Amino acid sequence: MSKIGLIIEREYKTRVLKKSFILLTLLTPVLLVALILVPLWLSTIKADTKQHIVVIDKSGLYESALKSNDLYTFEFTNRPIDTIRNNVQETSELTGILYISGNLATDTAQVILYSDKQAKMETVSYLSGLLDKYVEDQKIAAYNIPNLREMVENSRTDIKITTVKWDEDGKEQESSAELALIIGMLSAFVIYMFILIYGGQVMSGVIQEKTNRIVEVIVASVKPFELMMGKIVGIALVGLTQMLLWVVLTVGLSTILGGSLFAPSDMGELQNMAAMSAGQSMPPMSDNMAAEIYGMLSGYDFIQLLVMFVLYFLGGYLLYASLFAAVGSAVESETDTNQFSLPLSIPIIFALYAAIYSAQNPDGPLAFWCSLIPFTSPIVMLVRIPFGVPVWQLILSFTILVLSFAGTTWMAGKIYRTGILMYGKKNSWKEIWKWLTYQAK
Amino acid sequence: MLQINHVSKQYAGHKALDDVSLHVPAHSIYGLLGPNGAGKTTLIRIINTITGPDSGEVLLNGKRITPEDALHIGYLPEERGLYKKMKVGEQALFLARLKGMGKDDALKALKFWFEKFEIQSWWNKKVEELSKGMAQKVQFITTVLHEPELLILDEPFSGFDPVNAELVKKEILALREKGTTIILSTHNMASVEELCENISLINQSHIVLQGNVEKIRTAHSTNTFLLRTHDTLAESCLADCNVAITPQAGRNKLQEYIIGKPASMTNNELLSRLLGICTITSFEEILPTMNEIFIKTVSK
């Protein structure tokens, strides 16, 4: 095995076998899945608690509208509200008092729900749903027109706009702007995090080697450039490993858990619950909805997306990692890094902001230029890709990125070579410029 | 074996080495001396091909040195360390393989050295659990493990207790017996006198003193002798030929005198004069120590 291979192996092994890496890699998907599944799961449990509601109906019209079922029991009474209120405080089983003061067909605001706790959104929307339906039926019946019911049903419309993207061959692809936005922002954000985190790891790795004083032993056996590249590549592999494990574990876990937690029959109920708790008068999700989402998802070439993601991640990481390595070599300890690492973090953070704005206008001038400039392109381009980017722009942007990381790596190598062997000196930008321009034989 | 011809090296702003030439004969221990900041580390880095000289050349066995030659060099830097979080054995193996050893060879050699230094139990310890002296032992092993032709030791004894310093000294001598050429850079002048055949003293990027240790000491002779006798000498008894006699506190009833002679007088002439006036028990020249020569040369 060549020496650079040994260095990559050491960097990779020591990092991947670290307890913190293993924990983070295994726990993150668990947390992620839990974050999605637990609220859904909780919402199914919630439905089990029975609600007891006392109804005071002054109009006397709605007894047939409010029928007890598995979840709600309605008790009609004519007692004065104050006496019941005292009872409410004694018997905690009582959810609340529904006070109907008049004919709802003439004034819809004549219903009050009293309770000693804030009434649940779910309860309120259930009750208003029942009364809505009842009053609506009453009204329709009052017109005395046969088949009016069906006519009203037929006149209900729900307009959905399908967005279709033309791909390069002029083929149509069903797409969704929201979905493109989510996919784009997610991948841009992941790249942003990985560049910052793993770039930082390269920097602190270099600083450690320097402060440990092991670097002199190693550069007596390998070229400083090999040491630097070995470290950068090793850490990149750690990053890719983590990413791969996250994807595999998250998909695997959510498939297994999602499948066992929610049997298909529960799904419909689950969707109703979700719709209700959102307080929207959304029609129940049709079974086609899932198929629609699936259709939209399959409209994206995920292989292409993944390949671009890995390419831009590597390009962006290599560009910044070599610079981070150079910074690490120039300082004496981790506390001194600020003055040098700030000029590196600023473009990365700027890129994230540019990405957020580009997402709103993926073909605007900001998005265009920032996806060509190598310091921002790895993050900004990822936002644009799901919206569709002309091939020439992709090629141009990636070529610029590759050329730039070759340039920064070469430059960083020069700084690194001098920097790692300079002990006990605080270096200035001026000093680093000297190292850069110094011609060694 | 190692020949350095007219090497100069300039760092941004200052000259680290100026026209330095030296020759290290094979199978010997060569002392590289000099005050801090004189340019020793730069010279060592040039020999290790960590940096290149601006001008001049370094020849190893008559050929210009290349980075591949680094495989046959063992280097123990003054500023040395190990990866703190790595296990001792793993780390030693890594460093050995960087020097081009195969995994099996490296493991075999490591086993041998760990047994020799009786540190087998450290194999699975993390470096941060070791004391400084213990870490130094591991570093020494990783330096010599690949049986280098040329060994460069920069302050090899620092951090060791006397017992372990002696152990390391013994190993250094044993390596020389086996044919290793050793460059020893140290501020410990006693060990220079004890170990080195030849030295170069670098001061302010120039070589200011070079040659065989004994010859240098003789050349720096201050014409001072220690005389032991049972007789009592008057301080002025040899005043006619400018010989100064200074009595020292005697031991075991012997009288001790420091005798200073003029440079023009030979040792034998002095001895024959002394034979005339006392019975000599012992008579020896006091050569200046390397320490004295170092201070004198550097502060000149």
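Which one is farthest from B:Ile293 (Cα to Cα), of the residues in segment B:10-36 that are part of a loop (DSSP other than H, G, I, E, B) and either away from chain A (no Cβ under 11 Å) or touching an Asp or Glu at 6+ places or on another chain (Cβ under 9 Å) (or both)?
Only one residue tops the list, namely B:Ala12.
Take the residues in segment B:117-127 that are of a type outside the set (A, V, I, L, M, F, W, C) and touching a residue at least 24 places away in the same chain (Cβ under 8 Å), then tell me which one is most open to solvent (accessible area, probe 1.4 Å). Spell out the reasoning first.
Within segment B:117-127, the first condition is being of a type outside the set (A, V, I, L, M, F, W, C), and the residues that meet it are B:118, B:120-121, B:124-126.
Okay, now just the ones that are also touching a residue at least 24 places away in the same chain (Cβ under 8 Å), so B:124-126.
Details: B:Asn124: 111, B:Lys125: 70, B:Lys126: 75 Å².
So, considering only residues that are of a type outside the set (A, V, I, L, M, F, W, C) and touching a residue at least 24 places away in the same chain (Cβ under 8 Å), the one most open to solvent (accessible area, probe 1.4 Å) is B:Asn124.
Listed here are the residues, each with its yes/no results for (1) at pLDDT 90 or above; (2) exposed (fewer than 13 other Cβ atoms within 10 Å of the Cβ); (3) not in a helix (DSSP H, G or I).
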| position | (1), (2), (3) |
| --- | --- |
| A:Val238 | yes, no, no |
| A:Glu269 | no, no, no |
| A:Met273 | no, no, no |
| A:Gly279 | no, yes, yes |
| A:Glu332 | no, no, yes |
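Pick from A:Ala351, A:Ala359, A:Ala325: which is at pLDDT 90 or above and under 20 Å from the mean Cα position of the chain (by Cα)? Full working, then the answer.
Details: A:Ala359 fails: at pLDDT 90 or above; A:Ala325 fails: under 20 Å from the mean Cα position of the chain (by Cα).
Among A:Ala351, A:Ala359, A:Ala325, only A:Ala351 is at pLDDT 90 or above and under 20 Å from the mean Cα position of the chain (by Cα).
Given the structure, is A:Tyr357 without any contact (Cβ under 8 Å) to a residue 24 or more places away in the chain and of a type in the set (Ser, Thr, Tyr)?
Yes; evaluated as a whole, the condition is true for this residue.
Among (1) over 30 Å from A:Phe21 (Cα atoms); (2) modelled with pLDDT of 80 or more, where does A:Ile191 come up short?
Failed condition: (1).
Output the qualifying pairs, or none if there are none: Cβ atoms under 9 angstrom, residues six or more apart or on different chains, first residue in segment A:143-159 and in contact (Cβ under 8 Å) with a residue 12 or more places away in the chain, second residue assigned to a loop (DSSP other than H, G, I, E, B) and not acidic (Asp, Glu).
A:Asp158/A:Pro283
If you scan segment B:277-290, which residues turn out to be more than 24 Å from B:Asn212 (Cβ to Cβ), open to solvent by 20 Å² or more (accessible area, probe 1.4 Å) and part of a loop (DSSP other than H, G, I, E, B)?
The answer is B:Thr279, and nothing else.
Out of all the residues in segment B:236-276, which are open to solvent by less than 60 Å² (accessible area, probe 1.4 Å), part of a strand (DSSP E or B) and among the β-branched types (Val, Ile, Thr)?
Across segment B:236-276, the qualifying residues are B:Ile245, B:Ile258, B:Ile259.
Checking the structure you have, find out if any residue of segment B:114-124 is within 30 Å of the chain's Cα centre (by Cα) and within 14 Å of chain A (Cβ to nearest Cβ).
No, that holds for no residue.
Could you list, in sequence order, the residues of segment B:57-70 that are surrounded by fewer than 17 Cβ atoms within 10 Å (Cβ to Cβ) and either touching a residue at least 40 places away in the same chain (Cβ under 8 Å) or under 21 Å from A:Val206 (Cα atoms) (or both)?
Listed by number, the residues that qualify are B:Glu57, B:Leu59, B:Asn61, B:Gly62.
Which residues, counting only those in segment B:74-99, are more than 7 Å from chain A (Cβ to nearest Cβ) and within 16 Å of B:Glu147 (Cα to Cα)?
Matches in segment B:74-99: B:Gly74, B:Leu76, B:Ala92, B:Leu93, B:Ala96.
Would you point out the residue of segment B:216-235, among those that are in a helix (DSSP H, G or I) and not polar (S, T, N, Q), that is farthest from B:Phe294 (Cα to Cα)?
B:Ala219
Okay, residues lined up against (1) touching a residue at least 24 places away in the same chain (Cβ under 8 Å); (2) surrounded by 12 or more Cβ atoms within 10 Å (Cβ to Cβ); (3) within 14 Å of another protein chain (Cβ to nearest Cβ):
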| position | (1), (2), (3) |
| --- | --- |
| A:Glu9 | yes, yes, yes |
| A:Val16 | yes, yes, yes |
| A:Ile22 | no, yes, no |
| A:Leu40 | yes, yes, no |
| A:Ile56 | yes, yes, no |
| A:Tyr72 | yes, yes, no |
| A:Glu75 | no, yes, no |
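Tally time: how many residues in segment B:215-259 are in contact with a Leu (Cβ under 9 Å, 6 or more places away or on another chain), among the charged types (D, E, K, R) and without any contact (Cβ under 8 Å) to a residue 40 or more places away in the chain?
1
Please give the number of the condition A:Phe375 fails out of (1) away from every other protein chain (no Cβ under 14 Å); (2) under 27 Å from A:Val206 (Cβ atoms); (3) in a helix (DSSP H, G or I); (4) open to solvent by 50 Å² or more (accessible area, probe 1.4 Å).
All conditions pass for A:Phe375, except number (3).
For segment B:92-102, check the following and say yes or no: at least one residue is out of contact with any Asp or Glu (no Cβ under 9 Å at 6 or more places or on another chain), surrounded by fewer than 21 Cβ atoms within 10 Å (Cβ to Cβ), free of Cβ contacts under 8 Å to residues at least 12 places away in the same chain and in a helix (DSSP H, G or I).
no
Which ones in segment B:128-167 are surrounded by 18 or more Cβ atoms within 10 Å (Cβ to Cβ), of a type in the set (A, V, I, L, M) and either modelled with pLDDT of 90 or more or in contact with a Leu (Cβ under 7 Å, 6 or more places away or on another chain) (or both)?
B:Ala135, B:Val138, B:Ile141, B:Val144, B:Leu145, B:Leu150, B:Leu151, B:Ile152, B:Leu153, B:Ala165
With A:Gly230, A:Gly199 as the choices, which residue is more than 30 Å from B:Ile47 (Cα to Cα), in contact (Cβ under 8 Å) with a residue 24 or more places away in the chain and in a helix (DSSP H, G or I)?
Details: A:Gly230 fails: more than 30 Å from B:Ile47 (Cα to Cα).
Sole residue among the options that is more than 30 Å from B:Ile47 (Cα to Cα), in contact (Cβ under 8 Å) with a residue 24 or more places away in the chain and in a helix (DSSP H, G or I): A:Gly199.
May I ask you to list the residues in segment A:419-428 that are closer than 17 Å to A:Met203 by Cβ and modelled with pLDDT of 70 or more?
A:Gly419, A:Ile420, A:Met422
So, in segment A:396-421, how many residues would count as being surrounded by fewer than 19 Cβ atoms within 10 Å (Cβ to Cβ) and without any contact (Cβ under 8 Å) to a residue 40 or more places away in the chain?
Adding up the residues that qualify gives 7.
Which residues, counting only those in segment A:348-371, are surrounded by fewer than 17 Cβ atoms within 10 Å (Cβ to Cβ) and under 26 Å from A:Ser322 (Cβ atoms)?
A:Ile349, A:Phe350, A:Tyr353, A:Trp369
Looking at this structure, is A:Ile84 open to solvent by less than 40 Å² (accessible area, probe 1.4 Å) and within 13 Å of A:His52 (Cβ to Cβ)?
Judged against the criteria, A:Ile84 is a match.
Would you mind finding the one in B:Glu68, B:Glu128 that is assigned to a helix (DSSP H, G or I), under 27 Å from the mean Cα position of the chain (by Cα) and within 13 Å of chain A (Cβ to nearest Cβ)?
None of the other options fit; the residue is B:Glu68.
Tell me, which strands (runs of 3 or more DSSP E) lie completely within segment B:171-215 with 1 or more residues that are surrounded by fewer than 16 Cβ atoms within 10 Å (Cβ to Cβ) and out of contact with any Lys or Arg (no Cβ under 6 Å at 6 or more places or on another chain)?
Result: B:206-212.
Would you check which residues across segment A:95-128 are among the acidic types (Asp, Glu) and in contact (Cβ under 8 Å) with a residue 24 or more places away in the chain and list them?
A:Asp116, A:Glu122
The values are calculated or read from the model by the stated rules, or taken from the named source; none is laboratory data. Everything quoted here is computed from the prediction, not taken from an experiment. Please note: Cβ atoms are built from the backbone with ideal geometry, for glycine as well, and neighbour counts cover all protein chains shown. Ligands, DNA and RNA are excluded from the accessible area calculation, which covers all protein heavy atoms including side chains. Shrake-Rupley method; radii C 1.70, N 1.55, O 1.52, S 1.80 Å.
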